[in-house]
Amino acid sequence: MQFEPENEFELSLVKAATDPVHRPQFYKDLCNADLFIIQHGEKPLESHERVTLEQGKTIQIQNIEHNGRPFIPVFSSISRLQHVLKEEVAYLGVNALELMKFTQCAELLLNPGSDYGKEFTKSEIQSIIDGSIWGPPETYTQKAEAKVMLGQPKVYPQELTSALSRFLKKKKQVKKAWVAHFHNPDDGLPPHTLIAIDAGDSYKEVSSEIGMVITGINIPNPPVDIIPITNGGGLEGYFLNGQKPFYTKKVLGLF
């Protein structure tokens, strides 16, 4: 069965699956979307109607096993749910964020059996509930002076910089962004990719969304670290003193 999006959330799901730049918006759309779940032990309703669940009400939700783990199957539309069933069942439409809360971070499997779906792990769901998914990525502070090596990548991460350029066009706060090949012999990590962004006070917001964008992108030298351009000292001098940014905000001329 060909997947034809039936609502705004399904459009967002398809776009996120094919374009990593859309993934931050997908999570925003998810929190506002209704998902459909199978109610175990209930009779199918004869008509569709919106009801309010009373506090303390117990709901039996159908579980399935996927890759050796239990998941709650959830669906982005009624037709996605009906497509995988052989008989009529009772179902319930619930706001996705509220569903995650009252199922206490149980892992969710979106649209099993469909061409477009997603696994939501416990840690991912918890980050959506508490908002940490929108916070800054894990930070690292250099506690002692260290000599590091910086240079331009021998194998240029074209897929990464192209995706980030398209993403940063949507972020008016970002003025410039650079890429480098970074190695700190003291941290025990192999040489990897470093992204520097000039985003002012919006660095934390932008860097968290960049983390979502780079998931699934082919990167020649993973992982990707991100640093802000602030006062021009330390590592920042490498980028500011002659290195060409891969992204520069276009400024419209005035006549």
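Enter the accessible area per residue of the stretch 141-255 (Å², integer; probe 1.4 Å; all protein chains in place). Before the final figure, lay out the partial values.
Working: 6970 Å² over 115 residues.
Per residue, the stretch 141-255 has an accessible area of 61 Å².
In whole percent, how big is the carbon plus sulfur part of the accessible area of the chain, probe 1.4 Å, protein atoms only? After summing per-atom areas, the C and S share lands at 50 percent.
Past 30 Å, Cα to Cα: identify those pairs from Lys122/Lys204; Lys147/Lys170; Lys147/Lys244; Lys15/Lys175; Lys28/Lys154, in the order given. Check vs 30 Å cut-off fails for Lys147/Lys170; Lys28/Lys154. Each residue of the stretch 96-110 was assigned a 3J(HN,Hα) from its phi angle through the Karplus curve 6.51 cos²θ - 1.76 cosθ + 1.60 (θ = phi - 60°); the sequence is 4, 5, 5, 4, 4, 5, 7, 8, 6, 6, 4, 5, 10, 10, 7 Hz, with glycine and proline shown as x. With one equal scatterer per alpha carbon and no solvent term, the Debye-computed log10 I(q)/I(0) for the chain at 0.07, 0.11, 0.15 1/Å reads -0.34, -0.73, -1.07. Taking the three principal axes of the alpha carbon atoms in the stretch 99-229, the coordinate ranges are 49, 33, 30 Å, sorted in descending order.
Against the chain, whose longest principal axis is taken from its Cα atoms, helix 203-214 shows a tilt of about 70°. Across the stretch 187-255 the C-alpha pair distances fall into 10 Å bins from zero in the proportions 15, 44, 33, 6, 1, 0 percent. Model label sites at Gln243 and Asn32, defined 7 Å from Cα along the beta-carbon direction, differ in position by 3.7 nm. Dipole of the chain (Lys/Arg Cβ +1, Asp/Glu Cβ -1, origin at the Cα centre): which of Pro157, Ala106, Gly93 lies farthest to the positive side? Projecting each Cα onto the dipole axis, the largest value belongs to Pro157.
The angle between the Cα long axis of helix 158-168 and the longest principal axis of the Cα atoms of the chain comes to about 80 degrees, rounded to the nearest 10.
The values are calculated or read from the model by the stated rules, or taken from the named source; none is laboratory data. Fair warning: this is a prediction, and the values are worked out from it, not measured in the lab. When we count neighbours, we look across all protein chains shown, and the Cβ atoms used for this are built from the backbone with ideal geometry, even at glycine. Keep in mind that these areas ignore ligands, DNA and RNA; they rest on the heavy atoms of the full protein, side chains included. Shrake-Rupley method; radii C 1.70, N 1.55, O 1.52, S 1.80 Å.
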